[in-house]
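Bear in mind that the values in this text are calculations on the coordinates, not laboratory data. These numbers were taken from a predicted model, which means no experiment stands behind them. When we count neighbours, we look across all protein chains shown, and the Cβ atoms used for this are built from the backbone with ideal geometry, even at glycine.
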């Protein structure tokens, strides 16, 4: 019958385009990666999220930068001297050019720093340079004294601090301290999508919702960049990113925990790195019964963190025995004060007058793995009579509630801004940083506060480390968190990629030694 | 006809006012703070407050509402809190991609759905007809997410025929998988509805007359029954197409398709009020337009249906 022919034709018509695609050759010289979420800007002053931080650091140079191993390295500055008891830094700039061809001078650095601090820029990251002399007053509406950042000549720059800050160079490596070309900032086009820096990469194309690409900066004088192009596609779904890697459309891929076993057994080369990140359940210390240290310790003892790491994370984590990732402490891990011990937890709860247990809420934001992890925490706590209700909110509502101290407890993580142990202690536990500044449990301990302040001014590295570790031990004993783990990140790297090293910190890889 | 269309356009005004008001109030009521997306971690209260001031969140609610209505009236949808980009520019960028996907999916759904509908009506007592109807039942019930991943696995990973995701500047091979995934449920519904429509009318007088004239089944279906069976199909197309045009979040997410759905969801998660309000209004206009087009096309397909005068 005729209609049968028609249906055959339709079938062929529908399937024909399938054969238009054959697996394509990977473009030479182009490294392809993916972001789960799209960056929002390339402006150093407003880049606050992970992907914006990564791309901003590709386009801009700083005075100093961090290498993949997390060490401070020269960037615009080829050398520097510290004087005045750690309050005066003199930087000597090398020859570098902006992507528009003009040479970078120390005036440009002053311009960029002043812009970050200016009240009219409204940068949430102004605190990165907030220790410069006169910075806080300028940010608060006062005049720019020029003492904080002074261009002596084209290649010499002096930065003066109010107080010595031991981790000052780490702060200077953050995306917010990136140096921009003043001409681009003063033009009509918004800087966030029309950046002009002196970094190794130049923004090539940004198709909203689809991808962002960079071409190598021919004027970047530090090294000859082996790659021509760098593309980050925006693919929200994990499974889709995996499929793209499997068909050869991506060169580097982060492997989610659940997939780890499969990839390991498939014999694919995986890069492994302990992240500068800590995962925890923060306890609301202003609320009963969490104000009682026995209860907090009991909660820590009741959760078998090792079991969760083994069964849910498939080993992709290291139990946290404190708050500073071991990578930042020469891999020292310290003593485990909270080995799984439900009996001891029971007796602590009994001593606190809670032998019948109690109810609590743990808030979490929507995340693929959070649910399973917290369900096992819930089960562990149920064994000692603590009935946990899990509350899930989207990120915005969650963050608002946690900053206002609404939940009893919250499941959260902390990413390092810069590779320094101070970054895991001061924002999270100094009493001045309560709320949105990072200390969301309301933890307050005078000894810890004074150790943090002293460490910040201490220019002797080993003494400083001792102070921070002492503060850490006090915090660990005080148990304002249920300490969970330091995650381990795995990345699959295509065999065509040479010289890639997974960076310790998000802005630590600028693809200068990576080739295809 | 002209009066009918004019009247429908006038009806747009109160509907859009309602949509604008409800969206605005929902934004105010739900927890979450847009400024928190701007500041990231380690912010101070002062910066938070200044940013709030700058984007106008410190104004009293009635004033914000009035400002919003006035701006909307001037067709100014505002700027994204997060990127600072005019909302209308973003919609201009995202909507054509959504339109491409929605139109392709709808084309597939109608073309394949009608063919399946006709075949299963003709072959209703044989295995092919039964098989097609069971398949379409599966098609209606299959979750988009699962289907999308299945297609990626099959056509991208196993057969290396199509790219797993991306937009590819709108090229055909990037379009196929998301379009097929998105079309699946509608295709199955069109098949089921058109089959029963064909069966209903195939016993009517005019169909019997056509057969009595000696026409073969193909001509009976093609020339005489087809247009009559289209009415319920158009209804489905109208509803589904309207919702496809406002973006299909799941399909777009699985296939990394940079469409309106993902754009809006991201804005909701960040509480980017101007983007949410602007996009919802835009979607409301689209929905109304599609419905209007459906109403008009009823009259074109079946002249017996006349649009009521004024």
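Highest mean packing first, where packing is the average number of other Cβ atoms within 10 Å per residue, the peptides A:138-147, B:132-141, A:169-178 line up as A:169-178, B:132-141, A:138-147.
By the count of neighbouring beta-carbon atoms within 10 Å, fewest first, A:395, B:257 end up ordered A:395, B:257. Segment A:422-465 and segment B:1-31 have Cα centres separated by 53 Å.
Each listed q (0.11, 0.18 Å⁻¹) maps to a log10 I(q)/I(0) for segment A:420-505, found by the Debye formula over equal Cα scatterers with no solvent: -0.42, -0.80. Does chain B come out rounded, prolate or oblate, given a ≥ b ≥ c as the square roots of the eigenvalues of its C-alpha gyration tensor, rounded meaning a/c under 1.5 and, failing that, prolate meaning a/b above b/c? Because a/c hits 1.5 or more and a/b fails to exceed b/c, chain B counts as oblate.
Specify whether the C-alpha gyration tensor of chain A places it in the rounded, prolate or oblate class, a ≥ b ≥ c being the square roots of the eigenvalues: rounded for a/c under 1.5, otherwise prolate if a/b is larger than b/c and oblate if not. Note, shape of chain A comes out oblate.
Counting Cβ atoms of other protein chains within 10 Å of each Cβ in B:42-52 and taking the mean gives 5.
In this simple spin-label approximation, residue A:186 and residue A:496 carry label points 7 Å from Cα along the Cα→Cβ vector, and these lie 4.4 nm apart.
Look at B:65, A:89 and count the other Cβ atoms within 10 Å of each Cβ; fewest to most, that gives B:65, A:89. Using only the alpha carbons of segment B:94-270, what is the convex hull's orientation-averaged projected area in square nanometres? Convex hull of Cα atoms, orientation-averaged projection: 11.4 nm². Comparing Cα centroids, segment B:105-159 and segment A:249-310 end up 42 angstrom apart.
The calculated FRET efficiency for the pair residue A:454 and residue B:65, based on their C-beta separation and a Förster distance of 30 Å, comes to about 0.05. Relative to one another, the C-alpha centroids of segment A:55-123 and segment B:225-257 are positioned 54 Å apart.
Among beta bridges identified by DSSP and lying wholly in the protein assembly as shown, the antiparallel ones come to about 75 percent.
Taking every residue in B:88-98, how many Cβ atoms of other protein chains lie within 10 Å of its Cβ, on average?
Numbers: counts 0, 1, 2, 0, 0, 4, 3, 0, 0, 4, 0.
The shielding value for this peptide is 1.
How would segment B:17-150 be classified by its alpha-carbon gyration tensor: rounded, prolate or oblate, with rounded meaning a/c under 1.5 and the a/b versus b/c comparison settling the rest? Taking the square roots of the gyration eigenvalues as a ≥ b ≥ c, segment B:17-150 is prolate.
Sorting A:53-63, A:309-319 by their mean Cβ neighbour count within 10 Å, with the most densely packed peptide first, gives A:53-63, A:309-319. Across peptide B:265-271, the average count of Cβ atoms from other chains found within 10 Å of a residue's Cβ is 4. Neighbour counting of Cβ atoms within 10 Å sorts the residues B:83, A:121, fewest neighbours leading, into A:121, B:83. On the basis of the beta-carbon distance and an R0 of 56 Å, residue B:99 and residue A:152 show a calculated FRET efficiency of 0.45. Note on residue A:351 and residue A:310: with the Förster distance fixed at 30 Å, the Cβ-Cβ geometry gives a FRET efficiency of about 0.45.
Ellipticity at 222 nm from helices only: DSSP H runs of n ≥ 4 in chain A, each -39500 (n - 2.57), divided by the residue count, give -8500 deg cm²/dmol.
For segment A:136-153, backbone nitrogen atoms closer than 17 Å to the point 7 Å from residue A:83 Cα along Cα-to-C-beta are found at A:147-153.
The alpha-carbon positions of segment A:50-206 define a convex hull whose volume is 114 Å³ per residue.
Spin-label model, residue A:367/residue B:213: points 7 Å from Cα along the beta carbon direction are separated by 7.0 nm.
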